[in-house]
């Protein structure tokens, strides 16, 4: 029992916090490449296309009128084409 009330004391359970660190240098590099064709190596494979948009957690590449949304945390390396 909690000493100040008649309710049983229930310790609070810690909440899980998901942290996905994003390298600001990668974001800045991608911003500087907007409008240029790049090759991205990701944990799932290689993509190439024109960088059309960069957000804090993802980049948008366009190739042959198709858009690819790539999580920045999944990028291994970037090479301007």
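The values are calculated or read from the model by the stated rules, or taken from the named source; none is laboratory data. Everything numeric in this text was worked out from a predicted model, so none of it was measured. As a convention, Cβ positions derive from the backbone with ideal geometry for all residues, glycine included, and neighbour counts pool all protein chains shown.
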Filter the stretch 35-47 for residues that are exposed (fewer than 14 other Cβ atoms within 10 Å of the Cβ) and touching a residue at least 12 places away in the same chain (Cβ under 8 Å); which is nearest to residue 21 (Cα to Cα)? 43
State which residue is nearest to the chain's Cα centre (by Cα) when the search covers only the stretch 23-42 and only residues that are under 18 Å from residue 63 (Cα atoms) and not in a strand (DSSP E or B). 30
Please verify whether residue 75 is over 14 Å from the mean Cα position of the chain (by Cα) and in contact (Cβ under 8 Å) with a residue 40 or more places away in the chain, treating the condition exactly as stated. no
Can you name the residue in the stretch 48-68 that is assigned to a loop (DSSP other than H, G, I, E, B) and free of Cβ contacts under 8 Å to residues at least 24 places away in the same chain and is also surrounded by the most Cβ atoms within 10 Å (Cβ to Cβ) among such residues? 55
Would you pick out the residues in the stretch 69-81 that are assigned to a strand (DSSP E or B) and closer than 22 Å to residue 21 by Cα? 69, 70, 71, 75, 76, 77, 78, 79
Long-range neighbours under 8 Å by Cβ, at least six apart or interchain, first residue on the phi < 0 side of the Ramachandran plot and surrounded by 15 or more Cβ atoms within 10 Å (Cβ to Cβ) within the stretch 20-34, second assigned to a loop (DSSP other than H, G, I, E, B) and at pLDDT below 95: 22/56; 22/57; 27/56
